[in-house]
Amino acid sequence: ATLDLRVCNACAKHDSEQWPLGEPHPVPPIHWNDRCVVVPITKTWEQLARRNKPLAAKLDDMDPGVRASMGGPVSGDTTWESWFNGLSKGQREEYLGPARASLWEAGKLRVSDLTDQRGNALTLAELRAR
């Protein structure tokens, strides 16, 4: 998912999720104007370079790179939720709304809690009941 405040709850929920090959999973676009992509995870260098284990181990320690965010580039292994946690309280409230933001601040809400399995946003009553 794109690391900004325009991402819908369903896309934020699926950011950085991994699925085994052949397992069903959401495939973008899952809604109009979806900006998400599915990226394959390849074998490690060690798995590919079986004869030269020391070289493969060094290659596996490569920098994860960067990904774009509304605040500029961040580490490539940053998830949407970890990025969101780094925002100011006001920015989190702007995205979630005051009631959901207070649940978030109290540690009673995670990005995976914002939607049901079909990607539909949950109401405040549904969130409080969890």
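The values are calculated or read from the model by the stated rules, or taken from the named source; none is laboratory data. The model shown is predicted, which means the values in this text are computed figures rather than measured ones. Because the Cβ atoms are built from the backbone with ideal geometry, glycine has one as well, and the counts that use them run over all protein chains shown. Each accessible area value is taken on the protein alone, full model and side chains, heavy atoms only, with ligands, DNA and RNA left out. Shrake-Rupley method; radii C 1.70, N 1.55, O 1.52, S 1.80 Å.
Filter the helices (runs of 4 or more DSSP H) completely within the range 6-105 down to those with at least 3 residues that are over 30 Å from LEU124 (Cα atoms). Lay out the reasoning, then the answer.
Details: elements: 9-14, 45-48, 53-60, 80-85, 89-96, 98-105.
Result: 45-48, 53-60.
Each row is one residue, and each column tells you yes or no for (1) farther than 22 Å from THR2 by Cα; (2) open to solvent by 60 Å² or more (accessible area, probe 1.4 Å); (3) of a type in the set (S, T, N, Q).
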{"site": "ALA12", "(1), (2), (3)": "no, no, no"}
{"site": "GLY22", "(1), (2), (3)": "yes, yes, no"}
{"site": "PRO26", "(1), (2), (3)": "no, no, no"}
{"site": "ASN33", "(1), (2), (3)": "no, yes, yes"}
{"site": "VAL74", "(1), (2), (3)": "no, no, no"}
{"site": "ALA125", "(1), (2), (3)": "yes, yes, no"}
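Only one residue in TRP80, TRP45 is surrounded by 13 or more Cβ atoms within 10 Å (Cβ to Cβ) and in contact with a strand residue (DSSP E or B) (Cβ under 8 Å, 6 or more places away or on another chain). Which one? Show your work before the answer.
Details: TRP45 fails: in contact with a strand residue (DSSP E or B) (Cβ under 8 Å, 6 or more places away or on another chain).
Of TRP80, TRP45, the one residue that is surrounded by 13 or more Cβ atoms within 10 Å (Cβ to Cβ) and in contact with a strand residue (DSSP E or B) (Cβ under 8 Å, 6 or more places away or on another chain) is TRP80.
Quick check on my filter: what residues within the range 94-123 are crowded, with 17+ Cβ neighbours inside 10 Å and either touching an Asp or Glu at 6+ places or on another chain (Cβ under 6 Å) or within 26 Å of VAL37 (Cα to Cα) (or both)?
TYR95, LEU96, ALA101, LEU109, VAL111, ASP113, LEU114, THR115, LEU122
Picking from PRO28, PRO54, PRO64, which residue would you name as being modelled with pLDDT of 80 or more and not charged (D, E, K, R)? Steps first, please.
Numbers: PRO54 fails: modelled with pLDDT of 80 or more; PRO64 fails: modelled with pLDDT of 80 or more.
Of the residues listed, the single one that is modelled with pLDDT of 80 or more and not charged (D, E, K, R) is PRO28.
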